[in-house]
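Participant: Submitted below is the structure of interest, expressed as structure tokens.
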Amino acid sequence: MSASPDDERYMAQAIALSRTHTGQTGTNPSVGCLIVKNGVVIGSAVTAVGGRPHAETQALAMAGEAARGAVAYVTLEPCSHYGRTPPCANALVEAGIARVVVGLKDPDPRVSGKGLAILQSAGIEVVTGVLQGQSCDALRAYLMRQMKARPYVTLKLAVSTDGMIGRRGEGQVAITGPLSRQEVHRMRAEMDGILVGIGTAIADDPQLDVRIAGLEHRSPIRIVLDRHLRLPLDGKLVASAQQIPVIAVGDRFAETAPALTNAGVEILDVPDLPTLLTLLADRGLSSVLVEGGATVAKAFLDAGLVDRIVLFEGPSAIGEGGIESPLTHDDIPQDYKPVRRLNFGPDQCCEYERKFECSQAS
Ligand code: AOF
Ligand code: ZN
């Protein structure tokens, strides 16, 4: 069946809604749903924080009896499985929805086409693939975990005008200003994990949490690549490990392992980055922000594990003793395309993305 001219407009609204809970729905995708009747939106919802209830059941509850004969716009195929809640596809049928417009087929093997089949066999008109690319974009972290069994990886770098990310022998060097830092904290709030190398953890003693009023509870888990388990016991990460989890990725037989474990740090001993990402995905992490430093950034780039690069550039130079960035605007690899460019005060921020194929979707 074909799409009507209004379909894209309502789907765009559902996608915008879905983005409001990005990163806040656990292993569940943040789905948007609109119920529309005679040109009036009578129900709208996004998957609840934590992942349940799903979007459709909330939007249907809002629409009530008026849902009979209405059109439902859903960014992801309605589910067909009995999880902790009954299937949304059945809920749409029971509510008497006449037509369902779907952005993207759900790759979850429990659903994958079965949700659409339930709707169709109940005589509901089903249209799929409306603004599919945008739905795919909004759901990319979920799709990456489902389809590639690893989290979606964003690499964040802050460089000076001369392409440096810091100064040798110094801790945190201010390269970008307060507005950029605020944006980084906003990005962190959308992530399931933040990852740094032990060099950064020692030199900067970072906290790696979300420090935006009202969003503190959205702090992702902190992961440190720390082969020899050198994470300082008196540092900020270890001090806050009871409140926000810290994982040290390194040798579980290192001398410092028992002390770190006692302080609440979890130790993960894995042979390489792909194995680490698989393990994180198994634990339900769909997105990871790689925040530093140069060695870790290069390791992720060399392993082909970076999906998105967010490059901040401050207004001044570092000069002598600078630590060279593995990337600047001039040498972004060919397969990354610029998708966004913003100014944060005197700083510039450019985002580059590698093409993500959600081609399994119909
Ligand atoms: C929907 N609407 O809003 C979302 C869906 O653990 P459960 O039982 O909540 O199921 C998780 C799966 O449900 C998830 O993998 C995905 O297939 C689907 N998510 N489905 O109909 C929603 N968030
Ligand atoms: Zn559902």
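Participant: Normalised by the empirical 2.2 N^0.38 Å for globular proteins, what value does the Cα Rg of the range 102-202 take? Intermediate results must be reported in sequence, preceding the final value.
Facilitator: Working: Rg = 20.9 Å, N = 101, 2.2 N^0.38 = 12.7 Å.
Computed over Cα atoms of the range 102-202, the ratio equals 1.64.
Participant: Can you list, largest first and rounded to whole Å, the semi-axes you get for the range 149-354 by taking the square root of 5 times each eigenvalue of its Cα gyration tensor?
Facilitator: On the way: eigenvalues 139, 70, 59 Å².
After scaling each eigenvalue by five and taking roots: 26, 19, 17 Å.
Participant: Scan around residue 356 for amide H atoms under 5 Å from its own, H built in the peptide plane at 1.01 Å from N, and keep only partners 5 or more places away or cross-chain.
Facilitator: none
Participant: Label residue 40 and residue 170 with points 7 Å out from Cα along Cα→Cβ: what is the distance between them in nm?
Facilitator: Modelled inter-label distance: 6.2 nm.
Participant: Among 337, 156, what's the order by accessible area (1.4 angstrom probe), most exposed first? List each step's numbers first, then the result.
Facilitator: Numbers: 337 110, 156 30 Å².
The ranking, largest first, comes out as 337, 156.
Participant: Output wanted: per-residue J couplings in Hz (rounded whole) for the range 136-145, from phi through Karplus 6.51 cos²θ - 1.76 cosθ + 1.60, θ = phi - 60°, x for Gly and Pro.
Facilitator: Listing the rounded values in order: 4, 5, 5, 9, 4, 5, 4, 5, 4, 5 Hz.
Participant: Percent relative contact order of the chain, based on C-alpha pairs within less than 8 angstrom and at least six residues apart?
Facilitator: Working: 792 pairs, mean separation 60.0, N = 362.
The normalised contact order for the chain reaches 17 percent.
Participant: Through the Karplus equation 6.51 cos²θ - 1.76 cosθ + 1.60, θ set to phi - 60°, convert the phi angles of the range 158-163 into ³J(HN,Hα) values in whole Hz; use x for Gly and Pro.
Facilitator: For the range 158-163, the Karplus curve yields 10, 10, 7, 5, 9, x Hz.
Participant: Further, regarding this structure: So, R0 is 22 Å and r is the distance between the beta-carbons of residue 329 and residue 295; what FRET efficiency does that work out to, to 0.05? Provide the component values of the computation, followed by the final result.
Facilitator: Numbers: r = 21 Å, r/R0 = 0.95.
My answer for the efficiency is 0.60.
Participant: Between residue 82 and residue 147, what is 0.36 nm times their sequence separation minus the Cα-Cα distance? Round to one decimal in nm. Show your work: numbers first, answer last.
Facilitator: On the way: separation 65, 0.36 × 65 = 23.40 nm, distance 2.13 nm.
Here the segment from residue 82 to residue 147 would lengthen by 21.3 nm.
Participant: Further, regarding this structure: Over 23 Å, how big is the tail of the calculated P(r) for the range 157-276, in percent of all Cα pairs? Could you put the intermediate results ahead of the total?
Facilitator: On the way: 2428 of 7140 pairs.
So the pairs more than 23 Å apart make up 34 percent of the total in the range 157-276.
Participant: Hey, could you get me the Stokes-Einstein D for the range 237-316, Kirkwood radius over alpha-carbon pairs, 10 °C and 1.306 mPa s, rounded to whole µm² s⁻¹? Present the calculation step by step, with values, prior to reporting the outcome.
Facilitator: On the way: Rh = 14.6 Å.
Translational D for this selection: 109 µm²/s.
Participant: So if I take the centroid of the Cα atoms in the range 275-300 and the same for the range 1-68, what is the distance between those two points in Å?
Facilitator: Result: 31 Å between the Cα centres.
Participant: If the only charges are +1 at each Lys and Arg Cβ and -1 at each Asp and Glu Cβ, what is the size of the charge dipole of the range 149-354 around the Cα centre, to the nearest 20 debye?
Facilitator: Numbers: 21 positive and 29 negative charges, 86 e Å.
Once rounded to the nearest 20, the dipole reads 420 debye.
Participant: Rounded to whole Å and ordered largest first, report the semi-axes of the equivalent ellipsoid of the chain derived from its Cα gyration tensor (root of 5λ). Don't skip to the answer; put the middle values down first.
Facilitator: Details: eigenvalues 338, 102, 60 Å².
For the chain, the ellipsoid semi-axes come out as 41, 23, 17 Å.
Participant: For the range 279-353, state what percent of all Cα-Cα pairs lands in each successive 10 Å bin, counting from 0 Å until the bin that includes the largest distance.
Facilitator: 15, 46, 31, 8, 1
Participant: Another question about this same structure. With a sphere of radius 13 Å drawn around the Cβ of residue 324, what net charge do the other residues whose Cβ falls strictly inside it have (Lys, Arg +1; Asp, Glu -1)? Walk me through the numbers before you get to the answer.
Facilitator: Details: positive: 167, 168, 298; negative: 162, 320, 330, 331.
In short, -1.
Participant: How much accessible surface does residue 351 have with a 1.4 Å probe, in Å² rounded to 10?
Facilitator: That residue has around 10 Å² of solvent-accessible surface.
Participant: Any chance you could count the Lys pairs in the chain whose alpha carbons are under 25 Å apart, treating pairs 8 or more apart or on different chains as valid?
Facilitator: 16
Participant: For the range 1-82, what D do you get in µm² per second when you plug the Kirkwood radius from alpha-carbon pairs into Stokes-Einstein at 10 °C and 1.306 mPa s? All intermediate terms of the calculation are to be shown ahead of the outcome.
Facilitator: Numbers: Rh = 12.7 Å.
Answer from the Stokes-Einstein relation: 125 µm²/s.
Participant: At a threshold of 8 angstrom on Cα-Cα distance, excluding pairs fewer than six apart, so keeping six or more, what relative contact order does the range 149-354 reach in percent?
Facilitator: On the way: 419 pairs, mean separation 70.1, N = 206.
Computed over the range 149-354, the figure is 34 percent.
Participant: Can you give me the long-range amide H partners of residue 100? Hydrogens built in the peptide plane at 1.01 Å from N, cutoff under 5 Å, separation of 5 or more residues or another chain.
Facilitator: 72, 125, 126, 127
Participant: As an exercise, use a Förster radius of 35 Å and the Cβ-Cβ distance of residue 266 and residue 4 to find the FRET efficiency, rounded to the nearest 0.05. Before the final figure, lay out each step's value.
Facilitator: Working: r = 51 Å, r/R0 = 1.46.
Working from the Cβ atoms, E equals 0.10.
Participant: Return the sequence-ordered ³J(HN,Hα) values of the range 298-315 in whole Hz as given by the Karplus equation 6.51 cos²θ - 1.76 cosθ + 1.60 applied to θ = phi - 60°, using x for Gly and Pro.
Facilitator: Values, residue by residue: 5, 4, 5, 5, 5, 7, x, 10, 9, 9, 9, 10, 10, 10, 8, 10, x, x Hz.
Participant: Using a 1.4 Å probe, what is the accessible area per residue for the range 239-311, in Å²?
Facilitator: Numbers: 3090 Å² over 73 residues.
Result: 42 Å² of accessible area for each residue.
Participant: If you take all C-alpha pairs in the range 5-144, what percent of them are over 19 Å apart?
Facilitator: Numbers: 3936 of 9730 pairs.
Of the Cα pairs, 40 percent sit more than 19 Å apart.
Participant: Something else: Keeping the other protein chains in place, figure out the carbon and sulfur percent of the accessible area of the chain, with a 1.4 Å probe. Display every interim value, and only then the final one.
Facilitator: On the way: 8210 of 15990 Å².
So the carbon and sulfur contribution to the accessible surface is 51 percent.
Participant: At a Förster distance of 25 Å, what's the computed FRET efficiency of residue 230 paired with residue 181, Cβ-Cβ distance as r, to 0.05? Mind showing how you got there, number by number?
Facilitator: Numbers: r = 26 Å, r/R0 = 1.05.
My answer for the efficiency is 0.45.
The values are calculated or read from the model by the stated rules, or taken from the named source; none is laboratory data. Everything numeric in this text was worked out from a predicted model, so none of it was measured. Positions of Cβ are backbone-derived with ideal geometry, glycine not excepted, and every protein chain shown enters the neighbour counts. With ligands, DNA and RNA removed, areas are computed over all heavy atoms of the protein, side chains included. Shrake-Rupley method; radii C 1.70, N 1.55, O 1.52, S 1.80 Å.
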